[in-house]
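Working notes, structure below.
Please treat every number below as a calculation from the coordinates, not as lab data. Here the structure is a predicted model, which is why all the values come from computation and not from measurement. Cβ placement follows ideal geometry from the backbone for every residue including glycine, while neighbour counts extend to all protein chains displayed.
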Amino acid sequence: MEMLDYLMIICATWYISFCLVTLPGPYGIFAEMRSWQMFAIMKCIYCLSFWVGLILYGFVLAGQTDIVNIFGLVGASHLLASWTGANFGSTDSG
């Protein structure tokens with residue numbers, strides 16, 4: 001594995017974990033799942049990121065890097081947006 005693979009896994013892990021723990025998700029599915037006892041791990045970003053990272057690492061070892069790269073690029077763009085203070089979701093023009 002190259003350094004870029006590890007960087008993509010890190011960014012993808014952050015993005016997926018962040019979405020599952022903090023966002024409601026499409027049609028509120030993530031928020032609903034967090035209320036179920038069997039998905040209690042989705043309330044802790046540290047616990048969830050371990051398992052998400054492990055799964056993504058398995059994808060890379062199996063040669064399925066496309067899905068990891070997609071989530072990694074999205075995660076990197078979100079991290080850059082948060083570091084620079086950009087707010088791409090705002091429709092407020094004032």
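Quick look at the values:
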item	result
Order by protection proxy (mean Cβ within 10 Å, highest first), peptides 49-60, 25-36	49-60, 25-36
Reduced Cα scattering model of the chain, Debye log10 I(q)/I(0), q = 0.13, 0.19, 0.20 Å⁻¹	-0.51, -0.95, -1.01
Order of ILE45, ILE16, ILE9, ILE67 - criterion: other Cβ atoms within 10 Å of each residue's Cβ, fewest first	ILE67, ILE45, ILE16, ILE9
Under 12 Å from the ILE55 label point (7 Å along Cα→beta-carbon), backbone N, segment 1-15	13
Lone cysteines, the chain (no partner Cβ under 4.7 Å)	CYS11, CYS19
